[in-house]
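Everything on this sheet refers to the single structure shown next.
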There are 2 protein chains.
Amino acid sequence: MQPEKDFRLTRQRQIILEEMRRMRPHPNACELYDAVKSRLPHISLATVYRNLEILSEKGFVRKIITSGRQKRFDINAGAHYHAHCILCGTIVDIPVATEVMRVLPEKPDGLENFRVMETRVEFFGHCGACRSIGTTAEDEDSRRGPVRCSPAE
Amino acid sequence: MQPEKDFRLTRQRQIILEEMRRMRPHPNACELYDAVKSRLPHISLATVYRNLEILSEKGFVRKIITSGRQKRFDINAGAHYHAHCILCGTIVDIPVATEVMRVLPEKPDGLENFRVMETRVEFFGHCGACRSIGTTAEDEDSRRGPVRCSPAE
DNA sequence: CAAACTTTTGGTAATAGTTATCAATACCAA
DNA sequence: TTGGTATTGATAACTATTACCAAAAGTTTG
């Protein structure tokens, strides 16, 4: 147990949090980097990664679990679940006040010896937009495949 | 829509599936590679990766969603959930016949336009072993940090 | 204020898990 | 057999993330 070192809410961290609130939800590090760069042109990608990690330890943001290879982050502090569209990759927030939440027991069978500290429910399926289009999602704007950082100038 | 190409259950694929049943659950590609290599010494790591992907498309195995950077795979075809120990990294299966499953509505509030095809529940907390030890997990055998492939010979 | 110390940053190299490529091989159907 | 398709093994390439480190920023102490 190392002595906790003090945390400074630097300008970079403030702007990371501000941009996360402003932009569309669940960005990955590169999307966020691009957004932050418009206000802090000299920020480093490493700073964004580093701070996402630290901010999630501190509870300002949380990491989303995904099966993809990029990490995504979430500014919404309140408890909620996610619905992942397996066609276009969109992630939709499901608010906490749902049947699911009311109904999920705090400690289900099989977890007798386990101290449950967090429960996450993830839904996978087809989002409304994709259903109305068919099997191929054409709405580029809602796609969420891997996103690369803008090339350096 | 490409014409589905035919799937051959090759010796490599058979043994991958057999080893997945035999070994401890939720291996990553490298652990599995090591296990399979004891029976097929010339198998390539690429074959393991490739087939895990294909076998999961075909429904023989499923990918586990994690926040880490390695993928893990699961041979247990039936529906079940996972409990992740945040101290030692162990993943425990929670059988399907629990309150959770019985009680989880097929389509909760907030998902009216979403066609739910799969629901996963992930629990995070401290497993029994870690609780009895304290805050640091000493049981090397149950740790599940990143696992590297055995070095080439 | 200055000195000493801690934390953070930007730039970049390194890491590591995963994918892509491709010639060679195995398998299958005619 | 022959021709076609699927798969494999070997290895190179890719890429998201992390590590490193000197410089800068911020904090505390004298």
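The values are calculated or read from the model by the stated rules, or taken from the named source; none is laboratory data. This is a predicted model, so every value here is computed, not measured. Methodologically, a virtual Cβ is constructed for each residue, glycine included, from the backbone with ideal geometry; neighbour enumeration extends over all protein chains shown.
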Open item on the list: Just to be sure I understand, how many residues within segment B:1-44 are buried (at least 18 other Cβ atoms within 10 Å of the Cβ), within 14 Å of chain A (Cβ to nearest Cβ) and more than 10 Å from DNA strand C (Cβ to nearest atom)?
Closed with: 1
Open item on the list: Going by what's in this entry, would A:Thr66 be described as more than 8 Å from every other protein chain (Cβ to nearest Cβ), modelled with pLDDT under 80 and under 15 Å from A:Asn28 (Cα atoms)?
Closed with: no
